[in-house]
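Notes for the one structure printed next.
The values are calculated or read from the model by the stated rules, or taken from the named source; none is laboratory data. If you're wondering where the values come from, they're calculated on a predicted model, not measured in any experiment. Every residue, glycine as well, gets a Cβ built from its backbone with ideal geometry; the counts of neighbours run over all protein chains shown.
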Amino acid sequence: MNNVLFENIRIGEGTVIDVPSIIGKPPRGRREGELGLSIGKSGHVRPFTTIYAGSRIGDFFQTGQGVSIREDNVIADNVSIGTNSVLEFGNNIGDFCRVHSSCFMEMVTLGRHVFVGPNVVFTDDPHPMGCPRYKECKGGAVVEDYVKIGAHATILPGVRIGRNSLIGAGSVVVDDVPPDTVVAGNPAKVIKKMDELICFKGFFERPYVWPPYGEESR
């Protein structure tokens with residue numbers, strides 16, 4: 001069993017592609033080599049991952065097993081995509097983001113230092129299926145820097161999640177989220193400010209005073 005490497009791909013020095021993976025697969029309707037694919041240096045793509053042509057991926061990139069990354073994705077440096085996650089087309093992911101296992105994203109923008117917990121789903125189409133102009137409608141969510149999204153949250157199309165906010169596990173986010181707030185529930189509502197969080201064990205004054213959060217995130 002071997003890797004399948006298509007034409008017009010560039011893989012940076014020190015990046016490891018585990019067997020078996022498919023790298024540079026042409027999207028539907030495109031010929032092999034028509035679109036390029038670049039993956040930066042010192043990354044690690046783990047087995048059973050498929051990365052389509054037409055994306056640009058930065059340095060120190062990591063995937064878990066079984067990741068699927070479609071075309072038109074722009075992924076910055078030091079990004080991790082967890083096992084069995086699916087990145088459909090049109091995502092833009094900033095530096096130091098971690099997308100955990102079994103997540104789904106399409107047309108989503110993530111800022112820097114965003115954490116996306118396991119099984120988070122981002123939607124981008126308010127009227128599935130088949131609206132011929134859904135790409136021009138609300139589109140995917142915009143998630144600003146330092147946001148933390150808990151496991152099994154669902155983020156509806158077109159919402160903006162403000163800087164340094166926290167989305168509770170299992171929440172359904174239907175409206176914009178103000179910066180520096182905690183939201184939870186279905187539909188998600190503001191329940192407190194970030195600086196009202198408590199470290200239950202008393203190890204810290206409050207959660208997220210450690211790097212890269214703290215003063216830098218404000």
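Test Gly170 against the stated conditions and say whether it is under 25 Å from Asp95 (Cβ atoms), in the same structural domain as Leu110 (by TED's automatic domain parsing) and surrounded by 14 or more Cβ atoms within 10 Å (Cβ to Cβ).
no
Summed over the range 51-67, the residues that are under 17 Å from Phe6 (Cα atoms) and surrounded by 18 or more Cβ atoms within 10 Å (Cβ to Cβ) give a count of 6. Put simply, of Val183, Val173, Val190 the only residue that is of a type in the set (A, V, I, L, M), at pLDDT 95 or above and farther than 23 Å from Cys97 by Cβ is Val190. Take the conditions (1) of a type in the set (S, T, N, Q); (2) within 14 Å of Ile161 (Cα to Cα); (3) free of Cβ contacts under 8 Å to residues at least 24 places away in the same chain; Thr109 misses just one of them, which is (3). If the condition is being farther than 21 Å from Pro212 by Cβ, β-branched (Val, Ile, Thr) and out of contact with any Ser or Thr (no Cβ under 9 Å at 6 or more places or on another chain), then the range 147-173 contributes only Val159. Taken as a whole, the condition of being without any contact (Cβ under 8 Å) to a residue 40 or more places away in the chain, closer than 26 Å to Gly82 by Cα and surrounded by 15 or more Cβ atoms within 10 Å (Cβ to Cβ) applies to Ala184.
Answer with yes or no whether Ile39 is modelled with pLDDT of 95 or more and farther than 15 Å from Glu88 by Cα.
Taking the combined requirement at face value, the residue satisfies it.
Residues in the range 83-105 that are within 14 Å of Asn119 (Cα to Cα) and buried (at least 21 other Cβ atoms within 10 Å of the Cβ): Ser85, Leu87, Val99, Cys103, Met105. Is at least one residue of the range 200-209 part of a loop (DSSP other than H, G, I, E, B), hydroxyl-bearing (Ser, Thr, Tyr) and more than 20 Å from the chain's Cα centre (by Cα)? Yes - at least one qualifying residue is present in the range 200-209. Criterion first (surrounded by fewer than 20 Cβ atoms within 10 Å (Cβ to Cβ) and of a type in the set (A, V, I, L, M)) does Val79 satisfy it? So Val79 does not fit the description; no. Residues in the range 85-99 that are part of a loop (DSSP other than H, G, I, E, B), under 8 Å from the mean Cα position of the chain (by Cα) and farther than 15 Å from Gly140 by Cα: Cys97 only.
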